[in-house]
Structures are given as structure tokens and as C-alpha cells.
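Visitor: Could you have a look at this structure, given as C-alpha cells, before my questions?
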Amino acid sequence: MSTPPQELPSDEPYRPSDRVAVARGTIGRVSTILAQLEARSLFLVADETAYRNSGAEELLESELSTRQVERFTHFQCDPKLSDVERGIQCFRKTHVDAVLAIGGGSALDMAKLVSNLGMQQEQPEQLIRGKARLLHDGPPLIALPTTAGTGSEATHFAVCYMDGEKFSLAHHFLLPEFAILDPQLTDNLPPQLTASSGLDAFCQAVESLWAVDSNEVSVQYASEAVRLAFDHLAAAVHEPAPAIRTAMCRAAHLAGQAINISKTTASHAISYAISMQAGVPHGMAVAMTLAPVLLYNAETSATDCVDPCGAEHVRSRIGLILQLLGSSTPLEAAKKIEKLVSAVGGPTRLSEIGMGSDAEVEMLVRSVNTERLSNNPRRVTPDDLRRLLESVRY
């Protein structure tokens with residue numbers, strides 16, 4: 001088991017390079033890692049559809065056949081407490097030398113939750129609610145994402161839903177020991193999933209750049225992620241080629257590294273209710289408000305700035321975003337963002353997803369995740385939020 005420091009330093013890079021691979025064919029490293037760990041028994045957490053359709057099953061089954069494997073594959077998208085509890089029961093059936101997670105963000109988060117909460121004495125709900133602490137690290141986790149989007153393989157967070165409410169557990173135990181990003185596992189992604197996961201990565205990177213908790217390391221990660229996603233996402237959706245898929249995998253991983261330090265901000269905070277109420281895929285829900293939030297943050301002043309570095313610092317970060325998007329003004333950048341979202345099939349107006357009424361706008365205002373709003377560099381009041389949502393109403 002790994003023994004990282006008690007707290008993750010804010011300027012700590014993700015992992016040594018020998019523990020992260022982003023290249024075609026790197027799924028073959030799984031065998032080397034398992035041998036290095038002397039892993040005879042595995043706990044496999046996999047999205048069944050992704051495991052099969054990505055080609056991971058065919059590529060890994062020969063390797064897994066030589067080891068004792070306990071499989072957990074039946075769980076819903078977006079980890080639910082009931083599924084986490086079932087997973088823990090499965091996890092505790094036998095001694096586990098290593099955990100292998102394969103799929104999108106839901107599968108990776110499920111593996112993080114099950115393998116770490118399964119090592120604790122406290123009840124999962126208490127741990128997820130933050131009423132008890134994680135005291136024991138889980139087995140080494142090898143993460144193999146099959147989408148280019150969430151960056152979960154690069155973060156010390158995991159999401160869980162309880163009674164329709166989203167909770168995000170954060171602890172250094174949750175950071176995977178190994179991340180294998182083999183672009184060939186994304187070759188069969190359908191266009192909508194490519195678009196939504198890619199938009200999630202793009203939005204994470206942009207939000208990271210202006211986040212209160214950002215620093216120079218996260219800015220380096222986020223800047224490259226913005227460039228890669230902005231330049232390659234539309235092609236990944238409409239004309240995917242191996243080099244394009246590789247670029248998007250790298251963008252997603254870099255965005256994950258960035259938010260592992262900075263966390264996300266207003267657009268992510270707004271997105272959860274949009275997804276829950278209208279069934280809009282997460283990345284598309286986030287992207288709906290990225291352009292107006294950019295315009296909003298571009299007007300940060302001394303009176304409403306919550307970033308301790310000050311309003312001028314925030315404006316310089318906005319300037320960096322404009323540079324990365326090849327824009328001279330915030331309005332030009334906002335239009336480019338909306339054009340990208342539309343180009344990959346994402347909605348840009350609430351009316352497009354059936355949420356244009358006064359009552360629905362008010363519901364969104366009341367449902368916003370206030371924790372992520374506090375990481376936005378400009379203070380966001382309910383009235384500000386209402387006006388922001390009005391700007392994307394029709």
C-alpha cells in the first residue's frame with residue numbers, strides 16, 4: 001500500500017512519470033505493474049459496456065486469467081450509496097492485492113470509494129458526509145479510463161450521490177497509484193459521449209485557470225489542456241483519428257491534474273441540477289454556462305473579488321484564457337466557446353433542454369453547489385446567478 005503524506009501539497013505534481021502513461025498500446029503496462037506489485041488477487045471494478053466495447057476485456061483477459069479476480073460490474077452511472085455498499089461487501093469477500101478500475105468517471109470513482117471505504121470501520125455514509133475520517137489506505141489502484149473527460153484517474157476526489165444529493169469525498173488515499181491512458185480504449189466512443197466527456201475536460205481546464213485555489217503548477221496543466229481540447233474536440237467528435245484521440249486523452253488527464261490542485265468553480269456548481277433535472281450529460285451541462293461565467297468573471301472588481309490575490313490577478317488569468325482561445329476580448333472568447341459547444345452537439349440555452357420557465361430558473365438558483373461557488377474568483381450572489389442563467393435562457 002502507498003503511504004503518501006497526510007496532506008497533498010498544493011504545488012505537488014500528480015505522480016512520477018513512471019506511474020502515468022498516455023500513449024497507444026500502454027494497456028500492456030498493466031501486466032508489468034501487477035508483476036511489480038506481486039498481485040495475485042485483484043478486485044476489478046468495471047463498467048461492463050465500456051469494458052467490452054473499448055477492447056479492454058479482450059486485451060486484459062489473458063493477463064487476468066492467471067490471477068484470482070473478484071469482479072464488481074453492476075452499478076449505476078454516477079455512484080450511488082447503495083451501489084457503494086454492495087461493492088464494499090464484494091470487496092471484503094477476499095484479500096485484495098490490487099484494484100483495477102476500467103471505465104469512465106463513474107467506474108473510477110466507484111473503485112476509489114469501494115476500495116478505500118471498504119478498509120474503514122466507520123459506515124460509508126458517515127465517511128462520505130465527512131462525519132468520520134478515512135484512517136486506512138486501500139490497496140494500490142490502477143485506473144484505466146475509457147473516456148477522455150473526467151480526469152478521475154488524476155484526482156484525489158470521488159463523487160457519491162445520496163438521496164439525490166451529490167457529495168464529493170476528498171482524501172489523498174483516493175488518488176490512484178497508477179494511471180494508464182491508452183487512447184485505443186476511446187476509439188469506439190460514440191460521438192455524444194466523446195463530446196460530453198471532452199467538454200468536461202475543456203471546462204475543467206478553463207475553470208481551473210481562474211479558480212481561487214489555482215497555483216502556478218495547476219495553471220501549467222490547465223493551459224495545455226485548454227489548448228489541446230479546444231483544438232481537437234470537434235475533430236474527435238466528427239472525424240476521430242488516432243492522433244486526435246491521443247490529444248484528447250492527454251487533455252483530459254492534464255485537466256484532471258489541474259483540478260486536483262485547484263478544484264472547479266461556478267459552471268460546475270450550476271451543472272449538477274441541470275443534469276439531475278433535465279438529464280443533460282455532465283460535460284454538456286457544465287459547458288452551457290462556461291461562456292457566461294467567463295464574461296461574469298472578466299468583470300471582477302475590488303469590491304466583489306474573493307481571490308486573495310486580487311482583481312488584477314483574476315483579470316490576468318482571464319487574459320491568459322483569451323490568449324489560449326485566440327481571442328482579443330472576453331466576448332469574442334465567449335462566442336468561440338459557444339460555437340465549440342454547438343459544433344459538438346451540446347445545448348447552449350436552457351430552453352433547448354426544456355428548462356426555460358421562471359420556476360425552473362429559480363430551482364437552479366436554489367440548487368447550486370455553494371462550496372464550488374466559493375472557489376469562483378468573483379462573488380456570486382443569488383441575484384447574480386439568476387442574471388447569469390437568464391443570459392442563457394433563450
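The values are calculated or read from the model by the stated rules, or taken from the named source; none is laboratory data. Everything numeric here is computed off the predicted structure, so don't read it as measured data. Counting neighbours? That spans all protein chains shown, and the Cβs are built from the backbone with ideal geometry, glycine included. Only protein heavy atoms, including side chains, enter the accessible area calculation; ligands, DNA and RNA are left aside. Shrake-Rupley method; radii C 1.70, N 1.55, O 1.52, S 1.80 Å.
Visitor: Arg378's amide H: which non-local residues (gap 5+, or another chain) put their own amide H closer than 5 Å, with H modeled 1.01 Å from N in plane and none for Pro or chain starts?
Guide: Val306
Visitor: How far apart, in nm, are two points set 7 Å out from the Cα along the Cα-to-Cβ line at Leu320 and at His136?
Guide: 4.2 nm
Visitor: Looking at the chain, what % of its DSSP beta bridges pair antiparallel, to the nearest 5?
Guide: 25 percent
Visitor: To check my understanding: the extent here is largest minus smallest coordinate of the Cα atoms along each principal axis. What are those three numbers for the chain, in Å, largest first?
Guide: That gives 59, 46, 40 Å along the principal axes, largest extent first.
Visitor: Of the listed peptides 246-255, 217-226, 318-327, what is their order by residue-averaged count of other C-beta atoms within 10 Å, with the highest listed first?
Guide: 246-255, 217-226, 318-327
Visitor: Go ahead and run the numbers for FRET between Asn188 and Thr303, Cβ-Cβ distance against an R0 of 35 Å, rounding to 0.05.
Guide: 0.10
Visitor: Could you work out how far apart the two model spin labels at Ser62 and Gln121 are, taking each label as a point 7 Å from the Cα in the direction of the beta carbon, and quote it in nm?
Guide: Taking the two extended label points, one gets 4.7 nm.
Visitor: Gln277 to Glu312: extension gain in nm, 0.36 nm per residue of separation minus the Cα-Cα distance?
Guide: Once the chain is fully extended between Gln277 and Glu312, it gains 8.9 nm.
Visitor: Same structure again: Relative to the Cα centre, what is the charge dipole magnitude of the chain, using +1 at the beta carbon of each Lys and Arg, -1 at the beta carbon of each Asp and Glu, and rounding to the nearest 20 debye?
Guide: Dipole of the chain, to the nearest 20 debye: 100 debye.
Visitor: May I ask you to give the percent of accessible area on the range 178-323 that is carbon plus sulfur, with a probe radius of 1.4 Å?
Guide: Answer for the range 178-323: carbon and sulfur cover 54 percent of the accessible area.
Visitor: Between Ala170 and Arg19, how high is the FRET efficiency from 1/(1 + (r/R0)^6) when r is the Cβ-Cβ distance and R₀ = 25 Å? Nearest 0.05.
Guide: Computed FRET efficiency for Ala170 and Arg19 comes out at 0.80.
Visitor: Something else now. Exceeding 20 Å between C-alpha atoms, which entries from my cross-link table qualify? They are Lys112/Lys166; Lys80/Lys112; Lys80/Lys166; Lys80/Lys131; Lys112/Lys263; Lys80/Lys263.
Guide: Exceeds cut-off: Lys80/Lys263.
Visitor: Between Ser367 and Thr329, what length in nm is gained on full extension when 0.36 nm per residue of separation is reduced by their alpha carbon distance?
Guide: Value of the extension gain: 10.6 nm.
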